[in-house]
Amino acid sequence: PGDAGRAIRRVYKSATVDGADREPFLASLAISVNRREKIPGKIVVRDLEDTGWHKEFAPGYDVVAIVNALHWFSTARAGALLKEARGLMAEGGVLLFVEPVATAKPFAAGFEDWKGRQPPRYTHENWKRLWSRASTILGYDPVALWGPRDDGRIDEDLSAQGWADLAAKAGFPAPEILLRDADEVIIAAVKG
């Protein structure tokens with residue numbers, strides 16, 4: 001619902017925050033909060049499966065942030081999305097993306113043991129509770145409208161290095177892993 005854009009805006013006070021989401025409910029939340037906080041920019045409802053999702057956005061962004069979106073797609077589509085995002089960026093612009101991550105095989109046993117001892121940040125129950133409440137408010141079930149999950153999607157199957165490699169294949173030189181924790185990876189790449 002626009003949290004990443006607002007976090008960037010808190011640091012860069014003159015930033016304009018544009019965004020796209022396929023879910024009208026989440027886009028509406030972003031529009032409402034941004035309006036209340038007087039954050040300039042536009043939020044549009046677009047499905048990233050549509051190769052024209054970005055046509056309303058003029059190239060030249062200093063930062064493109066993608067948060068928990070790419071793992072919903074196949075590796076091929078996620079790579080294409082990174083290329084499309086790169087096309088929206090100014091020279092020297094920064095891509096930041098956050099995605100669920102798998103553990104690299106040599107570290108899997110030890111990492112899973114460590115992860116099991118950490119307090120949970122996200123639970124399936126919380127996710128279900130959120131969408132149950134949203135369905136009640138909206139009068140329809142947005143999750144049901146999404147349809148079945150695509151078996152070919154990435155989900156949590158890429159390692160941190162796998163995500164960095166995907167960014168490199170999209171034309172970003174030397175993507176950097178900024179943070180790798182139990183559930184997610186944050187990667188930055190500069191358009192060169």
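The single condition among (1) open to solvent by less than 40 Å² (accessible area, probe 1.4 Å); (2) closer than 21 Å to VAL190 by Cα; (3) in a helix (DSSP H, G or I) that LEU95 does not satisfy is (3). Of all the criteria given as (1) assigned to a loop (DSSP other than H, G, I, E, B); (2) farther than 15 Å from PHE25 by Cα, the one not satisfied by LEU179 is (1).
For the range 99-112, state whether one or more residues are of a type in the set (Asp, Glu), exposed (fewer than 11 other Cβ atoms within 10 Å of the Cβ), outside any helix (DSSP H, G or I) and touching a residue at least 60 places away in the same chain (Cβ under 8 Å). Lay out the reasoning, then the answer.
As a first pass, look at the range 99-112 and keep what is of a type in the set (Asp, Glu): 99, 112.
Keeping just the survivors that are exposed (fewer than 11 other Cβ atoms within 10 Å of the Cβ) gives none.
Checked against the condition, which is being of a type in the set (Asp, Glu), exposed (fewer than 11 other Cβ atoms within 10 Å of the Cβ), outside any helix (DSSP H, G or I) and touching a residue at least 60 places away in the same chain (Cβ under 8 Å), the range 99-112 yields no hits at all.
For beta carbons closer than 9 Å, sequence separation of 6+ or different chains, a first residue in the range 45-56 that is closer than 17 Å to ALA27 by Cα and among the acidic types (Asp, Glu) and a second that is assigned to a loop (DSSP other than H, G, I, E, B) and open to solvent by less than 80 Å² (accessible area, probe 1.4 Å), the qualifying pairs are ASP47/TRP53; GLU49/PHE73; GLU56/ASP18; GLU56/LYS42; GLU56/ARG46. Being touching a Ser or Thr at 6+ places or on another chain (Cβ under 7 Å) and either charged (D, E, K, R) or touching a residue at least 24 places away in the same chain (Cβ under 8 Å) (or both), is that true of even one residue in the range 132-141? Within the range 132-141 (the criterion being touching a Ser or Thr at 6+ places or on another chain (Cβ under 7 Å) and either charged (D, E, K, R) or touching a residue at least 24 places away in the same chain (Cβ under 8 Å) (or both)), the answer is yes, since at least one residue qualifies.
The values are calculated or read from the model by the stated rules, or taken from the named source; none is laboratory data. Bear in mind that the values here come from a model prediction, so they are computed numbers and not experimental data. No Cβ is skipped: glycine too gets one built from the backbone with ideal geometry, and neighbour counts run over all protein chains shown. To get the accessible areas, we keep the full protein, side chains included, count just its heavy atoms, and leave off ligands, DNA and RNA. Shrake-Rupley method; radii C 1.70, N 1.55, O 1.52, S 1.80 Å.
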